[in-house]
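Only the coordinates and a few stated rules stand behind these numbers; no lab work does. Owing to the predicted nature of the structure, the values given are computational and were not obtained by experimental measurement. When we count neighbours, we look across all protein chains shown, and the Cβ atoms used for this are built from the backbone with ideal geometry, even at glycine.
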Amino acid sequence: MFYKDSQNVYRVREFEEFPWLEHGFGTRASGRWVHGPLATLKQIHSNTCVVADGRAGCLGEGDALVSNTPGLAVAVHTADCLPVLIVDPVRRAVAAAHAGWRGTAASIAVRAVEKLAARFGSRPADLLAAVGPGICGQCYTVGAAVAAQFAGWFPERSDLNQQTTLDLTEANRRQLIAAGLSSGAIYTGAPCTACHVDEFYSYRVQGKTGRLVSAVGIKAG
């Protein structure tokens, strides 16, 4: 599923079935690994999704981008928050979402799915998604006020009214299934950023630190 290539970028083997697709999850060692135009956002921990419309550079405030423009990649920057990359192999459209606890509570990945459908006619059942490196459920401790916001996504848990741990990857996986994606088309299992600070940036472990670049796009030509 996930593997690290010679550029120190994590790739998803299932995504590599599409020769027209460019994607990856960066590490500390990969730097700005994306070549060519890149669309980004000033991330604000929201559920705002922006259409790139062929534009490169910072396109304003928000936490997810969608595109179907060849030669342009859409990217998010993370350091414990989750990067979620979504691919429509039928319509050849893509999305990148930044999902921290606030964005996940506001269903940012779902908003990206909805924007793909509204803008490009994507059907959720056709979509593939990969949840990249972020803080894992064992490392991520949150207070009662944060935990309570996820009670609806974890009905089997009785401890979300107190300080506890929270699995944002699983929350995003459940949200994507609720949005219409097949469970078998959602790829998880990427490394934990807090467990592997030699390889990733982790805000929880390191405080003020760098950011990892995760991106997806349609190759030019």
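Here are a few things to note about the model shown:
- Which numbered condition HIS23 fails, given (1) out of contact with any Gly (no Cβ under 6 Å at 6 or more places or on another chain); (2) free of Cβ contacts under 8 Å to residues at least 40 places away in the same chain; (3) surrounded by 14 or more Cβ atoms within 10 Å (Cβ to Cβ); (4) not in a loop (DSSP other than H, G, I, E, B): (2)
- All positions within the stretch 65-91 that are under 18 Å from ARG123 (Cβ atoms), in contact with a strand residue (DSSP E or B) (Cβ under 6 Å, 6 or more places away or on another chain) and surrounded by fewer than 24 Cβ atoms within 10 Å (Cβ to Cβ): ASN68
- With respect to the stated conditions, PHE120 is closer than 24 Å to GLU61 by Cβ and of a type in the set (Phe, Trp, Tyr).
- Scan of the stretch 147-161 for residues that are farther than 23 Å from PRO191 by Cα and in contact with a Leu (Cβ under 7 Å, 6 or more places away or on another chain), ordered by number: ALA148, ALA151
- Residues of the stretch 33-43 classified as within 25 Å of SER107 (Cβ to Cβ) and either part of a loop (DSSP other than H, G, I, E, B) or over 18 Å from the mean Cα position of the chain (by Cα) (or both), total: 1
- Entirely in the stretch 119-221, the helices (runs of 4 or more DSSP H) that have 2 or more residues that are without any contact (Cβ under 8 Å) to a residue 60 or more places away in the chain and exposed (fewer than 14 other Cβ atoms within 10 Å of the Cβ): 144-147
- Only one of the numbered conditions (1) assigned to a helix (DSSP H, G or I); (2) in contact with a strand residue (DSSP E or B) (Cβ under 7 Å, 6 or more places away or on another chain) is violated by GLU114, and that is (2).
- Selection from the stretch 1-11 of residues that are within 21 Å of ALA194 (Cβ to Cβ) and either in a loop (DSSP other than H, G, I, E, B) or of a type in the set (A, V, I, L, M, F, W, C) (or both): MET1, PHE2, ASN8, VAL9
- Single residue of the stretch 44-64 satisfying the filter (at positive phi, without any contact (Cβ under 8 Å) to a residue 40 or more places away in the chain and not in a strand (DSSP E or B)) that is surrounded by the most Cβ atoms within 10 Å (Cβ to Cβ): GLY62
- One residue stands out among those in the stretch 92-118 that are of a type in the set (D, E, K, R) and at negative phi: the one that is surrounded by the fewest Cβ atoms within 10 Å (Cβ to Cβ), which is ARG102.
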